[in-house]
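This report refers to the structure that appears directly beneath it.
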Amino acid sequence: MTESATDRLAASLQNAIRIEAQIDERAAQVIAATPKDDELRPLLDEIRTRTRDHRTALEAQLARRPGGSGEARGAPSSLVSLYGALNEAALSYGRLHAIAHRAFDSQGEGNTADLAEAHLRAHAAEIQQLNLGISDVVVRELDAAGAECRCRCPSCGFGLCLCATHGATTVRQAWSETLPEIRPDGLKVRRPRADSPALAAGLREGDRVIAIDGQEIATDLDAGAVQRAVRGHAPDGPMTLRIRRGGEREPTEVSASMT
């Protein structure tokens, strides 16, 4: 029996509901293992709230559509599996990159940090290509199943279906528009190394360094400015750091001896 686009729509809504429920469950598992004061907690809580809202909206949308059942086939299972593996690889290489720097395997030819970064970039590009290509895959599958386009826009009505093109454009916009904003609040201090000048100066985990010897540190990703300020400091004098701590409104200056 030929499956209509309406049948596929209902099945895809059911599949989206199932996926949102899985995200909610897995986010709850991560929350259970994450300290309450961890910076990741607000994001995890937001994910759970958003997935529940998504499920409510999807269930309401499904209730508006009579008929339609079965397993959703928005993309071949092999493609879904590949996409999941690429995302897992990207996260794993991000983790490997951080560990390699902590182990100082980040200098010279053939170091692990550079290798992890190269592999991460390659898989990130592949993920983006799959994101842009998924609409074509779905439309091609619908055509093969005999589910003709029922869109009433001028182009589709004329016979020049733009469903896949519009889908790819929407995905591209969603990825570019949702890139997180980097706040200009300085460099976050992680736990200072034991017996380090930073620890001796009284810096604590969670402090924000906003300037070093007068050189502004704009964001947590401004690693180059931090390296230049530390490297360019005179070895025989104290280093002056401006920091923000906790809820304090005014920055504090601390002095660290490099010797």
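The values are calculated or read from the model by the stated rules, or taken from the named source; none is laboratory data. What you see is a predicted model; the values in this text were computed from it and never measured. Glycine also receives a Cβ, built like all others from the backbone with ideal geometry; neighbour counts cover every protein chain displayed. For accessibility, only protein heavy atoms count, side chains too; no ligands or nucleic acids. Shrake-Rupley method; radii C 1.70, N 1.55, O 1.52, S 1.80 Å.
Computed quantities for the displayed model
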quantity	calculated
Residue among 39, 25, 20 that is in a helix (DSSP H, G or I) and open to solvent by 60 Å² or more (accessible area, probe 1.4 Å)	25
Enumerated helices (runs of 4 or more DSSP H) restricted to the stretch 82-186, each holding at least 3 residues that are surrounded by 14 or more Cβ atoms within 10 Å (Cβ to Cβ) and among the acidic types (Asp, Glu)	112-144
Where residue 257 falls short, out of the listed (1) under 30 Å from residue 180 (Cα atoms); (2) touching a helix residue (DSSP H, G or I) at 6+ places or on another chain (Cβ under 7 Å)	(1)
Residue 177 under 28 Å from the mean Cα position of the chain (by Cα) and acidic (Asp, Glu)	yes
Tally, over the stretch 187-199, of residues that are on the phi > 0 side of the Ramachandran plot and surrounded by 11 or more Cβ atoms within 10 Å (Cβ to Cβ)	0
Residues (without any contact (Cβ under 8 Å) to a residue 60 or more places away in the chain, over 19 Å from residue 37 (Cα atoms) and outside any loop (DSSP other than H, G, I, E, B)) located in the stretch 188-224	198, 199, 200, 209, 210, 211, 212, 215, 216, 223, 224
Residues of the stretch 39-75 satisfying the condition of being at pLDDT below 85 and under 17 Å from the mean Cα position of the chain (by Cα)	39, 40
The stretch 231-259: number of residues that are more than 30 Å from the chain's Cα centre (by Cα), aliphatic (A, V, I, L, M) and buried (at least 16 other Cβ atoms within 10 Å of the Cβ)	4
